[in-house]
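What follows is a single structure, written as C-alpha cells, with notes after it.
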Amino acid sequence: MSIQTKNRYLKLQQKYKGRSTASLRNSCELKQHRIAQRHGIIAAIGKKKEPITQEILRHVFEYKPRTGEFIWKNPDPRFRKRLLNKPAGEQSNSGQMQLKVRGGRYPYTHMVWLYVYGRYPREGYNIKHVNGVRNDNRLTNLKEVKTKEFRQGILFASNPVMKRKHELKQLREQAQ
C-alpha cells in the first residue's frame, strides 16, 4: 500500500470515527465510509457480532451425528413456535449448507466442527466432504484437509480432464 493511500485512509478514519451511516451527508461520503469499513480502517457501524463459540452452538442447537443435521433447541423467542425441534440451516446457491446463528451465516461444516471439537478448522486447513456430497454433513463424512488439497478437490470435481492430467503426472513421478 502506498504512502498516499495510507494517508487517505487515516484521514477517512479520523473523519468517520464514531459516526453512524445515517449521519453522513451524501452518497459520496457514504461510499467513502464503506470503503474505509471494507479495508478495516473503521469498524462496521451497528451491532457488533460476538464470535460463535461451542457453548452458544450447544445452547441453541442439537447436532445429530447420524443424520448430520442441526436441530433448533433454543431458537429466538420471536420464532420459537415455528423453529423449535425443526432442522436448521439452508442451502446456498453453490449447494453448500449454511447455518444462521446470531445474525451471521456460517458454513455448516465449520459449525459441525466447532460443535464437536470446540474449535474452528486450523489455520491453513478446511473441511472437506469425503464422499463429495455438499449437503451430507455427517461427522463421519467430514475431514480436515490442507487448503491446497481442498482446492484441488474442487477443481477436479468440476473438471474431469484436469483430474486425469493430475493422475497421469503422479504416475510419471512414481515411475521415476
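The values are calculated or read from the model by the stated rules, or taken from the named source; none is laboratory data. All values reported here derive from a predicted model rather than from experimental measurement. As a convention, Cβ positions derive from the backbone with ideal geometry for all residues, glycine included, and neighbour counts pool all protein chains shown.
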* **Checking R80 against (1) modelled with pLDDT of 80 or more; (2) surrounded by 11 or more Cβ atoms within 10 Å (Cβ to Cβ); (3) under 21 Å from the mean Cα position of the chain (by Cα), the condition it does not meet** => (3)
* To do: Can you confirm whether segment 54-64 contains a residue that is among the polar types (S, T, N, Q) and at pLDDT below 90?
  => no
* **Residue ID - nearest to D76 (Cα to Cα), chosen from residues in segment 92-118 that are surrounded by 12 or more Cβ atoms within 10 Å (Cβ to Cβ) and of a type in the set (S, T, N, Q)** => Q98
* Has segment 45-56 got any residue that is within 19 Å of T140 (Cβ to Cβ), touching a residue at least 12 places away in the same chain (Cβ under 8 Å) and part of a helix (DSSP H, G or I)? -> no
